[in-house]
Every structure is written in structure tokens, then in C-alpha cells.
Amino acid sequence: MTTALTEIRPMHREDAPQLARLEALVEASPWSEKNFLDSLNAGHLGFILEKEGQIAAWAVVMTVLDEAELLIIGVRPDMQRQGLGSKLLSFVLRELRGRTVLMNLEVRAGNLPAIGLYKRFGFLQTGIRRGYYPGENGSGREDALLMSLSPLPECGMNAGGSAA
Ligand SMILES: CC(C)(COP(=O)(O)OP(=O)(O)OC[C@H]1O[C@@H](n2cnc3c(N)ncnc32)[C@H](O)[C@@H]1OP(=O)(O)O)[C@@H](O)C(=O)NCCC(=O)NCCS
């Protein structure tokens, strides 16, 4: 998909080194290059949003039968809050619609930007895993919220969200 200066394409093995560097900029527990390679080898679906030829956002989804799990989504720090995370998630949901009835994910309870993004698409909290993540500052633990979306919306975003 190409709109203006953005393009969404499949993730390739060659992207792994750069993705690992970008992940380290935005995630407390970032995926390594090996994590990306293992995930692609396992048949997970990887998506890259490029803006002006640079990787701006990335997402990886695992599908099992008619269910999907959003394993990661990230936007490089200097390109956050410009609608790119929404654009990529919208694309992913459109790609999966028709063969997927439910998408699940886990998110740190304190990750308000990500929770805001997911709620915008209609994800609802379905559970909590107490102390699931190591604390972001290296001490303590942080809860994971389990969130789900079903069915996947027609145009990527549920009523209430703005255009994707
Ligand atoms: C979460 C993330 C992917 C959002 O991407 P983004 O491109 O910045 O998000 P968008 O610009 O599309 O914003 C979509 C919605 O997300 C929420 N949001 C995004 N950034 C936010 C922030 N800094 N504070 C509060 N809400 C925020 C808002 O609800 C926003 O809608 P609005 O602009 O109408 O208020 C991005 O912040 C990121 O990469 N974070 C680090 C990695 C991460 O936490 N990934 C998720 C792991 S579960």
C-alpha cells in the first residue's frame, strides 16, 4: 500500500539488524535481531511501514487457525504521534480480516500510549497477568493487560476512531 510518502511492505530477514536497533530505542524489553529472525522463521507475519524510504514502524503477528496475536508494534521515536502506528495497525487488521476472527495482545499496564492506540481500534481489556513484565527501571515487576478485538473491524478501525 502506498499513500503519499508512506509504504507498507512485508518484513524481510535483511531488516532484522535495523529493527533490533529501533526496538532498543522504544522498548524496555526489546526484541533482538535473533528474535526477529526466529519469528520470521516460525512463519509469523511481519509488516514494515516505510516513510520517505526509512523504516518508521513495524509489527509482527502470530496467527493460529482463525486467531491472531499481535506480538509487537513499534514506531521510531522521532515519528511517533503522527498516526503511523494507527496506519500500520489498520493495515494489519485489514490484511487479517476474513481469515481471523479474534486478535489478542499483551501490553504493560503503564504503557498508556499503546493502550490508547489499542482502545482507539476497539480492543477491550479481557484480563490481567500480575507481575508479568520486569520493571522498566530494572526493579520490581509490572502487570500485563490482556486485550482482545473481535470481530476485526471492516476498515481497520472501529466506530469512534478517526480515519486510518
Ligand atoms: C504505541 C505506539 C506504537 C503508538 O504509535 P504512534 O504512531 O505514536 O500512534 P498514533 O500517532 O497512531 O496514535 C494513535 C493513538 O495512540 C494513543 N497515543 C499514541 N501516543 C500517545 C502518547 N504519547 N500519549 C498518549 N496516547 C498516545 C492515542 O490514543 C492516539 O490517538 P490520538 O492521537 O487521536 O489521541 C508508539 O507510541 C510506540 O512505538 N511506542 C513504543 C513501543 C510500544 O510501546 N509498543 C507497544 C507494545 S505493546
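Points to keep in mind about this one:
- Cross-link reach list, lysines versus K119, counting only Cα pairs under 23 Å and skipping chain neighbours closer than eight places: K87
- At the listed q of 0.14, 0.19 Å⁻¹, the Debye profile of segment 78-149, built from one uniform point per Cα, gives log10 I(q)/I(0) equal to -0.51, -0.85.
- Counting only DSSP beta bridges with both residues in segment 2-149, the antiparallel share comes to about 90 percent.
- Protein accessible area in the chain, 1.4 Å probe - carbon and sulfur %: 51 percent
- Interchain or long-range residues, amide H under 5 Å from Y132's placed H: E142, D143, A144
- Proximal aspartates and glutamates relative to K51, as straight alpha-carbon distance under 14 Å, when same-chain residues fewer than 8 apart are discounted: E7, D78
- Accessible surface, per residue, of segment 65-160 when the full set of protein chains is kept, probe 1.4 Å, Å²: 54 Å²
- Those aspartates and glutamates that a straight Cα-Cα span of less than 19 Å connects to K34, excepting residues fewer than 8 apart in one chain: E14, D15, E23
The values are calculated or read from the model by the stated rules, or taken from the named source; none is laboratory data. Note that the structure is predicted; figures quoted are calculated from it, not measured. These accessible areas exclude ligands, DNA and RNA; they are computed on the full protein's heavy atoms, side chains included. Shrake-Rupley method; radii C 1.70, N 1.55, O 1.52, S 1.80 Å.
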